[in-house]
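The values are calculated or read from the model by the stated rules, or taken from the named source; none is laboratory data. Just so it is clear, the structure is predicted and the values come from calculations on it, not from any experiment. Every residue, glycine as well, gets a Cβ built from its backbone with ideal geometry; the counts of neighbours run over all protein chains shown. Please note that ligands, DNA and RNA were not included when accessible areas were found on the heavy atoms of the full protein model with its side chains. Shrake-Rupley method; radii C 1.70, N 1.55, O 1.52, S 1.80 Å.
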Amino acid sequence: MRNVLPILTVVAVLLGVWLLAVVPMNIHLAADQAQRDGVAVVPDTPAARQEVGAVALAVRNPDVMASTYTLERPALPGPQQVVGELWRTTVAVRPSSKQSLIYHGWVTLSATLLGFAIGTTLGIVLAVGIVFSRTMDLSVMPWAIASQTIPILALAPMIIVIMGSLGIQGLLPKAIISAYLSFFPVVVGMVKGLRSPDAMQLDLLRTYHASPLQGLWKLRFPASLPYLFASLKIGISAALVGAIVGELPTGARAGFGARMLVGDQYGQPLVTWAALFAAAITAAVLVGIFAMLERWSARRMGAAA
């Protein structure tokens, strides 16, 4: 309970703020809808309602205030509306349906995992090279840092267009964007981890005439695991963001990004919010998997009970 209670407290506070924010965000839409339905609203003109403000309008019209939580196209959906849309698009439909977030989630997840695998492999290889080569340390590391200053929203369309001109479409361009976002945390974390052994441990290896490769596998790599797992948890979240961003400029028909586009283009905020929360839940599950792998590896190494 000591671990769960703080999390539940934060969630409760966030839900409370969200519920309170629904009324001022939606009250004018609800008032306009009520007036079109023949319900008396005070004041009775849109201009006058803008003058009195959202809070005063809600106080004067309690029935209208209650309807802010049930609007079909709200500016800010209520939590119960988002949960209902998630239920409708995950449990109430077949997973293979084009309306199912499970179907769209798999499309995004496949690009995420491929890009994450590419980015992680590239990051580990670069980190090893940076640690063992002074030339790579001075040349590659600055470029790796500089690469992250390019906004992904500007870079993603360029990658899509260039690869499309080469006849490469579908999964791979999105995976490349995911790899671009995920490799940097792995590089930084692994460099820090591979350099974490102290001078005494390195001197002991030299005393036993260990080769650089033996030093890597026997000392540096085990010492880098805590840093690696921290980087992997950041990298998998970044890879998911990259896959979603990669779906936006292509007009994709499937994936979380495609669902967000549908919601924005057709004025269906519930679709957008459901896809957004589904993506967040997917990221949380992926991070949780790596957290379990981290605890398992720590137990195997005798670093945790």
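Observations, loosely collected:
- Distance distribution note for the chain: the fraction of Cα pairs above 35 angstrom is 40%.
- Rolling a 1.4 Å probe across the protein heavy atoms gives the range 66-119 an accessible surface of 51 Å² per residue.
- Relative protection proxy for 173-184, 104-115, 288-299, 196-207, from highest mean packing down: 173-184, 104-115, 288-299, 196-207 (other beta-carbon atoms within 10 angstrom).
- FRET efficiency, 1/(1 + (r/R0)^6) with R0 51 Å, evaluated for D137 and F277 via beta carbons: 0.75
- Gap separating the Cα centres of the range 181-248 and the range 254-305, nearest whole Å: 23 Å
- Estimated [θ] at 222 nm from DSSP helical runs (n ≥ 4, -39500 (n - 2.57)) normalised by residues in the chain, nearest 500: -25500 deg cm²/dmol
- Amide N proximity, the range 75-107 versus Y266 label position 7 Å along Cα-to-Cβ, cut-off under 11 Å: 99
- Under the Debye formula (equal points on every Cα, no solvent term), log10 I(q)/I(0) of the range 1-94 at q = 0.11, 0.12, 0.18 Å⁻¹: -0.42, -0.48, -0.83
- Label-point separation, A298 to S147 (7 Å along Cα→Cβ), nm: 3.0 nm
- Reachable lysines from K174, criterion Cα separation under 23 angstrom, eight or more residues apart if same chain: K98, K233
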